[in-house]
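A short write-up of the structure that comes next.
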Amino acid sequence: MRLLLLLLSFLLQPQSSNSLGHPALLNSIKSFHQPPSSSVADACRIFHGRGGLHPGADHLTLDYYAPVFLLTSFGVELKENELDSYCSALCETLDANEDDDDISQQHELTIVYQCRGANTTAETRLLCGTIPDPHIVTENNGQDQFFVHLLRGQNHGLFLDMSNGRTWLRNKCQTKDVSSVLNLFSYTCAFSVAALNGGADKVVNIDMSRGALKVGQRNHELNGVSNKASFLSHDIFKTWGKMKRAGPFDCIVVDPPSYQKGSFVAKKDYGKVIRRLPSLLNKDGYALLCLNAPEMNSEFLLDKVKEECGTEMVFVERLENPSTFESAFPERALKVLLFQYQPSDDVSSVAT
């Protein structure tokens, strides 16, 4: 029995010994078509092995930040012959796309490989091609533009799994349901760009990272919306007074790291943020609460909101993740929950 358990444990571990590459990833590469100039976004996930839908590929993801492919392996160092197989498949795909009328412009094949995670040697390197400088990708049919950086760090300037959240906010600003936004843990301020391009009058971005906010300011300059945004490099837990003076807001976006020692730990700190929401929101204002901790499910946020705000913050819906981030375990994936502030004297209706 013990031998059988050891064998099963081995088989369930992600393997990188297949010199031909993982079939599911190779199939995704084969079926990929570069987004044409009229597409909604030119940055997307191509293969999401992390979703658990492809046995043996849990460690693999492939993203496209036009015109660069980013291959990432989590916890498993890929051998050179396996990397070669993915490079060859991508080269064949680009060659096949040259005959596609939807492709208005071709680029040389550019691939970045990143290996990260426990028990591996962290590595990021350019396998082939040339990365544009500056490297800019777009959403919303090219109207929202963002700087990205694929050779520096583990975060690349734009979280692809949050694209539906940005679209939701942009649409709310276009319909004038939302005019003012407080963007907490704003990183490079992609939510702010989406809101202002959608027609928001004001966005306040707060993040402890000066470097991330500088990229956020460049994103606003790139989109021509700097005059309606402010950027505060502050500890959120020491900035409630400034936030309150700047508000109230029609929408608050809360997209924190799940665990950042010395800054924010979701399990113990999220409730501290949630309890402040009613004092910062206009009546009928929205709170978009995000959680990307696999070990905590949606109930964590639902319970925290009920515990800290009672019935005044009404749950509206959970936003779907992009289809390219489909997961066999949705509660381990990114959770984006929408709430609306309905003071205790008016909880009878919620507009979505």
Cα-based Rg and Dmax for the chain, where Dmax is the largest Cα-Cα distance (Å): 21.5, 68
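Rounded to the nearest 5, what is the percent of antiparallel bridges among the DSSP beta bridges in the chain?
Working: 33 of 58 bridges.
Bridges in the chain that DSSP calls antiparallel: roughly 55 percent.
Could you work out Rg/(2.2 N^0.38 Å) for the stretch 152-295, with Rg from alpha carbons only?
0.97
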Rounded to the nearest 20 Debye, what is the dipole magnitude of the stretch 159-267 about its Cα centre when Lys and Arg each give +1 and Asp and Glu each give -1 at the C-beta? 260
What percentage of the solvent-accessible surface of the chain, computed with a 1.4 Å probe over protein heavy atoms, is contributed by carbon and sulfur atoms? 50
Under a plain spin-label model, where a point goes 7 Å from the Cα along Cα-to-Cβ, how far apart in nm are residue 131 and residue 328? 3.2
Taking a probe of 1.4 Å and leaving out DNA, RNA and ligands, the chain shows per residue an accessible area in Å² of 48
On a 0 to 90° scale, report how tilted helix 298-309 is relative to the longest principal axis of the chain, with both axes built from alpha carbons and the result rounded to the nearest 10. 20
For residue 233 and residue 345, FRET efficiency with R0 = 30 Å and r from the beta-carbon atoms, rounded to 0.05? 0.20
Spin-label point model (7 Å from Cα, Cβ direction): what's the residue 53 to residue 108 distance in nm? 3.5
Computed over the stretch 103-181: relative contact order in percent, which uses C-alpha pairs under 8 Å that are six or more apart: 17
Ranked by GNM mean-square fluctuation in the chain (Cα springs under 10 Å), the top entry among 261, 228, 335 is 261
Compute the distance in nm between two label points, each set 7 Å from the Cα along the Cα-to-Cβ direction, one at residue 316 and one at residue 282. 1.3
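Explain nothing, just the number: relative contact order of the chain, from Cα pairs under 8 Å at least 6 residues apart, as a whole percent.
After rounding, I find 13 percent.
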By how many degrees, 0 to 90 and rounded to 10, does the Cα axis of helix 163-174 deviate from the longest principal axis of the chain? 40
Relative contact order computed over the stretch 170-252 (Cα-Cα under 8 Å; 6+ residues apart), in percent: 34
In the stretch 246-352, lysine pairs closer than 25 Å at Cα, eight or more apart or cross-chain: 18
For the chain, the longest principal axis of the Cα atoms and the Cα long axis of helix 2-12 enclose an angle in degrees, to the nearest 10, of 80
Multiply the residue gap between residue 33 and residue 269 by 0.36 nm, knock off their C-alpha separation, and tell me the result in nm, one decimal place. 80.7 nm
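The values are calculated or read from the model by the stated rules, or taken from the named source; none is laboratory data. Please read these numbers as outputs of a predicted model, since none were measured by experiment. Don't worry about glycine lacking a Cβ; one is built from the backbone with ideal geometry, like all the others, and counts go over all protein chains shown. In case anyone asks, the SASA skips ligands and DNA or RNA and just uses the protein heavy atoms, side chains included. Shrake-Rupley method; radii C 1.70, N 1.55, O 1.52, S 1.80 Å.
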